[in-house]
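Below is one structure, written out as structure tokens; comments come after it.
The values are calculated or read from the model by the stated rules, or taken from the named source; none is laboratory data. None of these values were measured; they are calculated from a predicted model. Cβ sites come from the backbone with ideal geometry, for glycine too, and all protein chains shown count toward neighbours. Side chains included, ligands, DNA and RNA excluded: accessible areas come from the protein's heavy atoms. Shrake-Rupley method; radii C 1.70, N 1.55, O 1.52, S 1.80 Å.
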Amino acid sequence: MTHQRLSLSTLAALTAATTRPGYDRAGVTPGIVHLGIGAFHRAHMAVYVDDLLDEDPSWGIVGASLRRPDTKEALEKQDGLYTIAVRDAAGTHPRVIGSILKVMDANQERAALLDLMASPAIRIVSLTVTEKGYCHDPATGELDERHPDIVHDLANPGAPKSAPGMLVEALARRKAAGIAPFTVMSCDNLPANGQTAKRIVNRFAALRDAELGRWVQDVAFPSTMVDRIVPSTTDADRAEVAGLIGAEDAWPIMTEPFTQWVIEDHFPAGRPAFERAGAQLVKDVEPFELMKLRMLNGAHSTMAYLGYLGGYEYIAEVMGDPSYVRLIHALMTEEAMPTLDMPGTDLGAYRDQLLERFRNPALKHRTWQIAMDGSQKLPQRLLGTIRDRLARGQDITRLALGVAGWMRYVTGVAEDGGEIDVRDPHALKMHAIAADAGDDPGALFEGLVALSEVFGTDLATNAPFRDAVTGHLESLFDHGARATVAKVAG
Ligand code: CS2
């Protein structure tokens, strides 16, 4: 059956099973610009804002895509509307979200986007630009001043390409017009994401001009911990959503029931009442970020590399293998949890809830998707935990297996000799390192730890770390991922 396209004019005709915006969309005005309008933002923050627009319609979102125009092209035809399909074993529940008023292509509409960001109505600029969008050195957290986009933006400050360049140009325009700054809210999966954004934006502004640098020091950068699992949407998902809502949606989002958002309450220019939509507003987000990165994401990346190598396409399949479950259970319980300082939080219950979420049979979350950009993810997911434990002379067996899984994965050669499509900013460099090392675990280790922006010099020269990782690598080359996981998990 062919359906009409989802839009404001077809909203009333959607199936009764579809939840729709509970406010008058025509009365919503922009208060937030969001940079990096990917699937995650649309499954997370845009939903919280959608819950609040009935109370205050001045917080609509204008999204900006920094890289690809596909979201803009799809949502333009749908008046910004799209479906989130919330899936679990019990079924799929569709909800149409209306909080995104429009999407702008930062490359095509740079001037108009900067004008909007500089206008007084915009009080928050939020970000999901991924780890690499910060143009920083993940090991030190400092701006990478040699990054080609940063070099470009410092030479052409009025026509920036990078997220730091866009933020600083918009802030410079506000300063020139006598308009108070917006709050910058990072929603990326980085530790101390607000601090990181602040460090990078402040440095970029100071490099542009000392006075601007001083003015930008007063901008607020609250940190946030964000959590919702969002696999990429497939054509089969689109077909299912069309049937469920009774309209064609080119850009739906598939996600899980669980959602969590912990926000540092520091918004001098005001904010929506996020707590009314279920967000936790706290003084210090950092313990929550560490808990999520080290437990959820640390386990996720470990399952992604070792699962992919072991022939598992989806996380739920990995969870069907008892050795892998024992491995990540022990990784979280024995190695990650003792490094966390979370008085009042039941970490065992948090872990058990994560295991349940990973088991969600309806969520087709590919190991390959999570495996992407490992060089940017490893530091906060596994290496920080490893550092803390090594400093106390503690065991790192399972964490080191996660790292060895990554090293084996980025060789680009699967266990059956086929090619792995490694997506990573360092993919080419890593390919060359692996080609030089052949199947010599020691050489592969030495080549990869020389990526100092990932490992720092401390880990590169740490003997217990080297011994643990190369021991696992040897087993991965000789016996494969499934046998190695079974051996380590016991
Ligand atoms: C995943 C995360 O793709 C990945 O690297 O580990 O995107 C994960 O699904 C989210 O952080 C969950 O909040």
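What to note about this one:
- Candidates R381, R423, filtered to the one that is within 16 Å of the ligand (Cβ to nearest atom), loosely packed, with under 15 Cβ neighbours inside 10 Å and within 19 Å of P231 (Cβ to Cβ): R423
Listed here are the residues, each with its yes/no results for (1) among the charged types (D, E, K, R); (2) within 20 Å of A330 (Cβ to Cβ); (3) part of a helix (DSSP H, G or I).
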position: P379; (1), (2), (3): no, no, yes
position: R398; (1), (2), (3): yes, yes, yes
position: V403; (1), (2), (3): no, yes, yes
position: A435; (1), (2), (3): no, no, yes
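- Failed item, numbered, when A277 is tested on (1) within 16 Å of the ligand (Cβ to nearest atom); (2) in contact (Cβ under 8 Å) with a residue 60 or more places away in the chain; (3) among the aliphatic types (A, V, I, L, M): (1)
- So G307, is it assigned to a loop (DSSP other than H, G, I, E, B), closer than 30 Å to G417 by Cβ and either assigned by TED's automatic domain parsing to the domain that holds K429 or open to solvent by less than 20 Å² (accessible area, probe 1.4 Å) (or both): no
- The residue of segment 296-315 that is nearest to the chain's Cα centre (by Cα), among those that are of a type in the set (A, V, I, L, M, F, W, C) and within 11 Å of the ligand (Cβ to nearest atom), is L296.
Condition check ((1) open to solvent by 40 Å² or more (accessible area, probe 1.4 Å); (2) at pLDDT below 95; (3) in contact with a Phe, Trp or Tyr (Cβ under 9 Å, 6 or more places away or on another chain)) across all residues:
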| residue | (1), (2), (3) |
| --- | --- |
| G141 | no, yes, yes |
| A159 | yes, no, no |
| R173 | yes, no, no |
| A205 | no, no, yes |
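- Residues in segment 222-243 that are open to solvent by less than 50 Å² (accessible area, probe 1.4 Å) and among the aliphatic types (A, V, I, L, M) were compared, and the one that is farthest from the ligand (Cβ to nearest atom) is A242.
- Qualifying residue in segment 292-299 (condition: among the polar types (S, T, N, Q), farther than 19 Å from V226 by Cβ and assigned to a helix (DSSP H, G or I)): no
- Test: residue in segment 251-272 that is open to solvent by 60 Å² or more (accessible area, probe 1.4 Å), part of a helix (DSSP H, G or I) and more than 16 Å from the ligand (Cβ to nearest atom): no
Every residue, every condition in (1) more than 14 Å from the ligand (Cβ to nearest atom); (2) at pLDDT 95 or above; (3) assigned by TED's automatic domain parsing to the domain that holds Q394, yes or no:
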| position | (1), (2), (3) |
| --- | --- |
| E317 | yes, yes, yes |
| V325 | yes, yes, yes |
| E335 | yes, yes, yes |
| D346 | yes, yes, yes |
| A349 | yes, yes, yes |
| Q353 | no, yes, yes |
| A362 | yes, no, yes |
| I370 | no, yes, yes |
